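Chemist: Quick one: this structure, given as structure tokens, is what I'll be asking you about.
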Amino acid sequence: MSDDRRGILFILIGMSLFSVQDILVRSLSDVGSLIQIMTVRGLFGGIILIGFLKFTGRPVSIKSGYPMLAFIRICLFFSGFLCFYFALSEMALAEVTSLFFFSPIFVTLISKFFFKNEIGIHRLGAVLAGFVGVLLIVKPSPSQFEQIALLPLLSAFSYAVSMMMAKFTRDRDTVWEQMMHMYWGSFALGAVASVGIALFGGEIGPSKSLAYLLRPWVISDMNAVLTLGAISVIGSAGMLLLTSAYRVANPSAIAPFEYVLLVMAIINGYWLFAEIPDLYSVIGMALIACSGIYIFFREGIRKTPVAVKTSLRT
């Protein structure tokens with residue numbers, strides 16, 4: 001099997017795992033704690049990553065040549081995926097997934113304004129198509145617009161900024177060190193947030209819509225605890241598969257296969273949650289997916305990638 005085919009296989013398996021993870025995260029929205037999910041996911045992910053590095057004979061290191069930038073990336077990662085997981089509890093699965101896939105377009109725009117990379121007419125057209133797709137999904141009219149739809153976009157933006165920072169710091173921080181920062185940093189931030197909720201959560205008096213975010217840790221519900229463990233293991237396994245895919249294969253050849261997750265989200269949303277996107281949303285999803293895939297192909301043609309690609313779901 002060629003490296004690119006092996007990379008594609010890793011991508012498909014990894015995306016399948018992430019689709020299961022998203023379903024499990026959503027299933028906990030009525031009984032679980034989102035901060036607990038982020039904290040435990042960071043802990044399990046960090047432990048699994050250390051085990052993987054030990055097993056493959058790689059050095060285990062959490063140091064950084066850019067400690068301040070590493071801290072900012074940790075905060076972006078943590079807050080970005082809080083937005084994504086919270087949106088999963090309030091929006092259709094396919095819409096959240098498609099809006100997150102706007103991140104390659106954000107990367108393109110950031111690379112233009114901060115790294116002075118040229119954006120030709122082809123990439124500009126893809127960017128504009130992606131924006132139209134977002135408008136069709138979000139429907140920014142007084143009668144239909146919902147602020148919750150901004151959360152997946154915030155997640156996509158924070159991810160894009162994080163990836164551009166990864167490009168800047170790659171001369172001193174390896175990809176494995178950056179992953180260690182993400183996992184153990186999420187664990188640390190989640191632990192601090194959990195203490196704050198335990199001390200002041202009663203005074204906050206969260207509404208029903210915020211209960212998932214501010215709910216204390218769930219320990220007595222064994223089903224919730226087991227689901228939380230499954231989320232952590234499945235998510236970490238998916239991350240390792242995607243990281244391995246981009247290390248063995250050509251990113252421009254395999255990255256478009258990440259969009260299979262959008263297809264899975266549409267199918268899962270229909271079969272599990274009876275979610276049927278309207279025509280405008282379907283067109284919007286198609287535009288976002290096509291624009292992102294086109295940007296990947298243009299990078300492969302021009303040999304001038306706008307960012308160091310690790311995964312859309314680190």
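The values are calculated or read from the model by the stated rules, or taken from the named source; none is laboratory data. Predicted model only: the values in this text are computed from it and were never measured. In this analysis, Cβ positions are derived from the backbone assuming ideal geometry, glycine residues included, and neighbour counts consider all displayed protein chains.
Chemist: Could you grab me the full set of residues in segment 1-26 that are surrounded by fewer than 17 Cβ atoms within 10 Å (Cβ to Cβ) and either closer than 12 Å to LEU240 by Cα or polar (S, T, N, Q) (or both)?
Modeler: If the condition is that a residue be surrounded by fewer than 17 Cβ atoms within 10 Å (Cβ to Cβ) and either closer than 12 Å to LEU240 by Cα or polar (S, T, N, Q) (or both), then SER2, ILE13, SER16 are the ones that fit.
Chemist: Name the residue, out of THR97, THR108, that is crowded, with 22+ Cβ neighbours inside 10 Å and more than 25 Å from LEU272 (Cα to Cα). Let's see the steps before the verdict.
Modeler: Working: THR97 fails: more than 25 Å from LEU272 (Cα to Cα).
Checking each option against the conditions leaves just THR108.
Chemist: Mind checking whether some residue in segment 64-82 is under 28 Å from ASP171 (Cβ atoms), part of a helix (DSSP H, G or I) and without any contact (Cβ under 8 Å) to a residue 40 or more places away in the chain?
Modeler: Restricting attention to segment 64-82, the residues satisfying the condition of being under 28 Å from ASP171 (Cβ atoms) are 64-81.
In the following step, the residues that additionally are part of a helix (DSSP H, G or I) were identified as 67-81.
Then keep just the ones that are without any contact (Cβ under 8 Å) to a residue 40 or more places away in the chain; that gives 67-68.
Among the residues of segment 64-82, at least one is under 28 Å from ASP171 (Cβ atoms), part of a helix (DSSP H, G or I) and without any contact (Cβ under 8 Å) to a residue 40 or more places away in the chain, which makes the answer yes.
Chemist: Of all residues in segment 283-311 being at pLDDT 85 or above and under 21 Å from the mean Cα position of the chain (by Cα), which is surrounded by the most Cβ atoms within 10 Å (Cβ to Cβ)? Walk me through it before giving the result.
Modeler: Step one: list which residues in segment 283-311 are at pLDDT 85 or above, which gives 283-291.
Those left that are additionally under 21 Å from the mean Cα position of the chain (by Cα): 284-291.
Values: GLY284: 24, MET285: 25, ALA286: 15, LEU287: 22, ILE288: 30, ALA289: 20, CYS290: 16, SER291: 25.
Ranking the qualifying residues of segment 283-311, first place goes to ILE288.
Chemist: SER64 versus (1) under 19 Å from MET163 (Cα atoms); (2) surrounded by 23 or more Cβ atoms within 10 Å (Cβ to Cβ); (3) among the polar types (S, T, N, Q): which is the lone unmet condition?
Modeler: SER64 satisfies every listed condition except (2).
Chemist: Could you grab me the full set of residues in segment 47-61 that are in contact (Cβ under 8 Å) with a residue 24 or more places away in the chain, assigned to a helix (DSSP H, G or I) and either surrounded by fewer than 12 Cβ atoms within 10 Å (Cβ to Cβ) or not aliphatic (A, V, I, L, M) (or both)?
Modeler: PHE52
Chemist: Ok, one more. Only one of (1) surrounded by fewer than 22 Cβ atoms within 10 Å (Cβ to Cβ); (2) within 14 Å of the chain's Cα centre (by Cα); (3) among the hydrophobic types (A, V, I, L, M, F, W, C) is not met by ALA253, so which one is it?
Modeler: All conditions pass for ALA253, except number (2).
Chemist: So which residues in segment 27-43 are among the hydroxyl-bearing types (Ser, Thr, Tyr) and surrounded by fewer than 24 Cβ atoms within 10 Å (Cβ to Cβ), if there are any at all? If you could, list the steps in order and put the result at the bottom.
Modeler: Taking segment 27-43 as the starting set, the residues that turn out to be among the hydroxyl-bearing types (Ser, Thr, Tyr) are 27, 29, 33, 39.
Across segment 27-43, the qualifying residues are SER27, SER29.
Chemist: Next question. Condition first: more than 16 Å from ILE13 (Cα to Cα) and either assigned to a loop (DSSP other than H, G, I, E, B) or in contact with a Lys or Arg (Cβ under 7 Å, 6 or more places away or on another chain) (or both). Now tell me which residues in segment 252-279 satisfy that.
Modeler: Passing the criteria: ALA274, GLU275, ILE276, PRO277, ASP278.
Chemist: Are there any pairs with C-beta distances below 9 angstrom linking a residue in segment 172-193 that is closer than 17 Å to MET38 by Cα to a residue that is of a type in the set (A, V, I, L, M, F, W, C) and outside any helix (DSSP H, G or I), with the two at least 6 apart or on different chains, and if so which?
Modeler: What qualifies is MET180/VAL60; MET180/ILE62; HIS181/ILE62; TRP184/ILE62.
Here's the yes/no breakdown for (1) at pLDDT below 80; (2) farther than 24 Å from SER27 by Cβ:
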| site | (1), (2) |
| --- | --- |
| GLY133 | no, yes |
| SER143 | yes, yes |
| ASP173 | no, yes |
| ASN223 | no, no |
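Chemist: Sticking with this structure for a sec: So which residues in segment 172-192 are hydroxyl-bearing (Ser, Thr, Tyr) and not in a helix (DSSP H, G or I)? Steps first, answer last, please.
Modeler: Residues of segment 172-192 that are hydroxyl-bearing (Ser, Thr, Tyr), as a first pass: 174, 183, 186.
Once the filter is applied, which keeps residues that are hydroxyl-bearing (Ser, Thr, Tyr) and not in a helix (DSSP H, G or I), segment 172-192 yields only THR174.
Condition check ((1) modelled with pLDDT under 95; (2) closer than 19 Å to TRP217 by Cα; (3) assigned to a loop (DSSP other than H, G, I, E, B); (4) out of contact with any strand residue (DSSP E or B) (no Cβ under 9 Å at 6 or more places or on another chain)) across all residues:
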residue: ARG6; (1), (2), (3), (4): yes, no, no, yes
residue: LEU9; (1), (2), (3), (4): yes, no, no, yes
residue: MET15; (1), (2), (3), (4): yes, no, no, yes
residue: SER29; (1), (2), (3), (4): yes, yes, yes, yes
residue: ARG41; (1), (2), (3), (4): yes, yes, no, yes
residue: GLY45; (1), (2), (3), (4): yes, yes, no, yes
